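Novice: One structure coming up, written as structure tokens, with questions to follow.
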Amino acid sequence: GVPVPALADLITGIERIAAERYLTISVIAHAGDGNTHPLIVFDPADAEMTRRAEKAFGDIMELAISLGGTITGEHGVGRLKKPWLAGYLGPEAMELNRRIKTALDPDGILTPGAVI
């Protein structure tokens, strides 16, 4: 997600990323609030294409952050966005979230393997 005034820059940037990575990327969006759902189309049986898709996903996360946005605007951060969470939130917010998670789920049985 990005601030609404940056939405055009995000879409243009995703178009550039798709061209650079030789991929098709569709963007489904809630244009009124800046939330986007980029859909990277690739063949998971093709190792090289999968690598390019993974790189494109990271490029999109970094682009959104650089435009004053977030890596998530609606659905939260799961396993796929995990590598970008700490860099986006910073160490203090990550520690606070870990402490809350531990307090609410001391046995670690809720969403095991997820970040928080």
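The values are calculated or read from the model by the stated rules, or taken from the named source; none is laboratory data. If you're wondering where the values come from, they're calculated on a predicted model, not measured in any experiment. Here Cβ is always computed from backbone atoms with ideal geometry, including for glycine, and neighbour counts include all displayed protein chains. The accessibility values were calculated without ligands, DNA or RNA, using every heavy atom of the protein model including side chains. Shrake-Rupley method; radii C 1.70, N 1.55, O 1.52, S 1.80 Å.
Novice: State the number of residues belonging to region 76-103 that are open to solvent by less than 70 Å² (accessible area, probe 1.4 Å) and either part of a helix (DSSP H, G or I) or over 18 Å from Glu54 (Cα atoms) (or both).
Specialist: From region 76-103, those open to solvent by less than 70 Å² (accessible area, probe 1.4 Å) are 76-78, 81, 84-86, 89-90, 93-94, 97, 101; that's our starting set.
Add one more test, that the residue is either part of a helix (DSSP H, G or I) or over 18 Å from Glu54 (Cα atoms) (or both), and what stays is 76, 84-86, 89-90, 93-94, 97, 101.
The number of residues fulfilling the criteria is 10.
Novice: Checking Gly34 against (1) closer than 30 Å to Thr111 by Cβ; (2) at pLDDT 95 or above, which test does it fail?
Specialist: Gly34 satisfies all of (1) closer than 30 Å to Thr111 by Cβ; (2) at pLDDT 95 or above except (2).
Novice: While we're here: So Glu48 fits all but one of (1) without any contact (Cβ under 8 Å) to a residue 24 or more places away in the chain; (2) open to solvent by less than 50 Å² (accessible area, probe 1.4 Å); what number is the exception?
Specialist: The single condition Glu48 does not satisfy is (2).
Novice: Gly32 - would you say it is without any contact (Cβ under 8 Å) to a residue 60 or more places away in the chain, touching a helix residue (DSSP H, G or I) at 6+ places or on another chain (Cβ under 9 Å), open to solvent by less than 80 Å² (accessible area, probe 1.4 Å) and of a type in the set (Gly, Ala, Ser)?
Specialist: Values: without any contact (Cβ under 8 Å) to a residue 60 or more places away in the chain: yes; touching a helix residue (DSSP H, G or I) at 6+ places or on another chain (Cβ under 9 Å): yes; open to solvent by less than 80 Å² (accessible area, probe 1.4 Å): yes; of a type in the set (Gly, Ala, Ser): yes.
Criteria met by Gly32.
Novice: Can you tell me which residues in region 11-44 are within 14 Å of Phe57 (Cβ to Cβ), assigned to a strand (DSSP E or B) and of a type in the set (Val, Ile, Thr)? Before the answer, list the steps.
Specialist: Taking region 11-44 as the starting set, the residues that turn out to be within 14 Å of Phe57 (Cβ to Cβ) are 13-14, 17-18, 20-21, 23-27, 36-42, 44.
Keeping just the survivors that are assigned to a strand (DSSP E or B) gives 24-27, 36-41.
Within region 11-44, Thr24, Ile25, Val27, Thr36, Ile40, Val41 meet the criteria.
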